[in-house]
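See below for the structure under consideration.
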Amino acid sequence: MSDPFFQPVSGFDLPRFAGVPSFMRLPHVPRDHPRIGEVEIGLIGVPWDAGTTNRPGPRHGPRQLRDFSTMIRAINPATGIAPFEQANCADLGDVPPNPADLQDSLRRISEFYSDVTARGITPLTAGGDHLCSLPVLRGIARPDAPLGMIHFDAHTDLFESYFGGFQYTHGTPFRRAIEEGLLDPKRVVQIGIRGTMYDGEDIEWGEAQGVRIIRIEEFFDRGISDVMAEARRIVGDQPTYCSFDIDFVDPAYAPGTGTPEIGGPTSFQAQQVIRELSGVNLVGADLVEVSPPFDQSGGTAWLGVSLMFELLCILAEARNRRN
């Protein structure tokens, strides 16, 4: 029997437009809470976009995602997974960034996730721009055991630097993560890559390291099941991270992001690719780059948090298998 404390508030008990919003109406359990030791999956906001190079705004993503997450219910109708029954889930709050100091923010985020990991909590993150993924990986990857990664995005985020050598932007996190030994490049697969290019150096570098890059044309030519079967083979049964940039989805469905690229998947196809992660040994995940200023209707945030629910289902399933 699941603990009632860790159950989300039902819309039958309190209307979804009422109450203080938390992720998916779960209890707010900050790290000094007396029941933090019972949390198994922690939903965390990283309201920070100091890595953005064009259209800012993802720092406001976690707040809007929380607000729209009140519409999430208890059971995934496609898979039958009821994540709140399978694991004690809670909203751990936001990592407090330093908006005036990028390096200090990186340190704060990595320390937060190191603490969460030390407590045995599996993190599900709402960004923030994609640079957030680097300190998250610093906090959860062990130095002697780099993680695999399945990465859904329109962009590789494998660039060397921007603006004359600056190495920390939302276009560089996974190059840094590979260089730092946080990711095993031969167990990294990137899906959905598209859009006009600077020079292709990011793709050349990634492929030289062993990263499997699946461009959008291949994705559509082969189909979701075939592509995702390959992704599962690449990461194998070892610990794996999932990073999902909302710009993986076509801007017709997700306009609220800083670097949209046309020609992407639908919102339903985005759900499908996450469901195809079933069986992966997932130890953490993030959903990043929701930028409320570019979609004040909230449709992008609703899509984003719906995909977070899909990721939560996979995380709960993976955690139960490990246990």
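The values are calculated or read from the model by the stated rules, or taken from the named source; none is laboratory data. Worth saying up front: this structure is predicted, and the values here are computed from it rather than measured. When we count neighbours, we look across all protein chains shown, and the Cβ atoms used for this are built from the backbone with ideal geometry, even at glycine. Accessible surface areas use protein heavy atoms only, side chains included; no ligands, DNA or RNA. Shrake-Rupley method; radii C 1.70, N 1.55, O 1.52, S 1.80 Å.
Report the residue count in segment 289-315 for those that are among the hydroxyl-bearing types (Ser, Thr, Tyr), out of contact with any Asp or Glu (no Cβ under 9 Å at 6 or more places or on another chain) and open to solvent by less than 20 Å² (accessible area, probe 1.4 Å).
Qualifying residue count, segment 289-315: 1.
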Requested in this report: Would you check which residues across segment 229-267 are touching a helix residue (DSSP H, G or I) at 6+ places or on another chain (Cβ under 6 Å) and more than 23 Å from residue 53 (Cβ to Cβ) and list them?
Outcome: 253, 267
Query raised in the report: Does segment 102-123 contain at least one residue that is within 21 Å of residue 277 (Cα to Cα) and free of Cβ contacts under 8 Å to residues at least 24 places away in the same chain?
Result: no
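From the list 208, 318, which one is modelled with pLDDT of 95 or more, open to solvent by 10 Å² or more (accessible area, probe 1.4 Å), assigned to a helix (DSSP H, G or I) and closer than 23 Å to residue 182 by Cβ?
Answer to the selection: 208.
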Query raised in the report: Given the conditions (1) out of contact with any helix residue (DSSP H, G or I) (no Cβ under 6 Å at 6 or more places or on another chain); (2) within 22 Å of residue 178 (Cα to Cα), which single one is not true for residue 225?
Result: (2)
**Report entry** Which numbered condition residue 192 misses (of (1) open to solvent by 50 Å² or more (accessible area, probe 1.4 Å); (2) within 19 Å of the chain's Cα centre (by Cα))
**Finding:** (1)
Query raised in the report: Within segment 103-122, how many residues turn out to be exposed (fewer than 15 other Cβ atoms within 10 Å of the Cβ) and in contact with an Asp or Glu (Cβ under 8 Å, 6 or more places away or on another chain)?
Result: 1
Query raised in the report: Out of all the residues in segment 306-314, is one or more under 22 Å from residue 130 (Cα atoms), among the hydroxyl-bearing types (Ser, Thr, Tyr) and in a loop (DSSP other than H, G, I, E, B)?
Result: no
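This table checks each residue for (1) assigned to a loop (DSSP other than H, G, I, E, B); (2) among the acidic types (Asp, Glu); (3) modelled with pLDDT under 95.
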position: 75; (1), (2), (3): yes, no, no
position: 84; (1), (2), (3): no, no, no
position: 91; (1), (2), (3): no, yes, no
position: 96; (1), (2), (3): yes, no, no
position: 104; (1), (2), (3): no, yes, no
position: 123; (1), (2), (3): no, no, no
position: 126; (1), (2), (3): no, no, no
position: 137; (1), (2), (3): no, no, no
Report task. Could you please tell me which pairs satisfy a Cβ distance under 7 Å, a separation of 6+ or placement on different chains, a first residue in segment 212-231 that is over 17 Å from residue 157 (Cβ atoms), and a second residue that is open to solvent by 20 Å² or more (accessible area, probe 1.4 Å) and assigned to a helix (DSSP H, G or I)? Result -> 224/269; 224/272
Query raised in the report: If you scan segment 1-18, which residues turn out to be open to solvent by less than 60 Å² (accessible area, probe 1.4 Å) and farther than 13 Å from residue 86 by Cβ?
Result: 8, 10, 11, 15, 16, 18
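Take segment 195-205 and flag every residue that is open to solvent by 20 Å² or more (accessible area, probe 1.4 Å) and either under 15 Å from residue 148 (Cα atoms) or modelled with pLDDT of 95 or more (or both). Full working, then the answer.
First pass over segment 195-205, keeping only residues open to solvent by 20 Å² or more (accessible area, probe 1.4 Å): 195-199, 201, 204-205.
Passing the criteria: 195, 196, 201, 204, 205.
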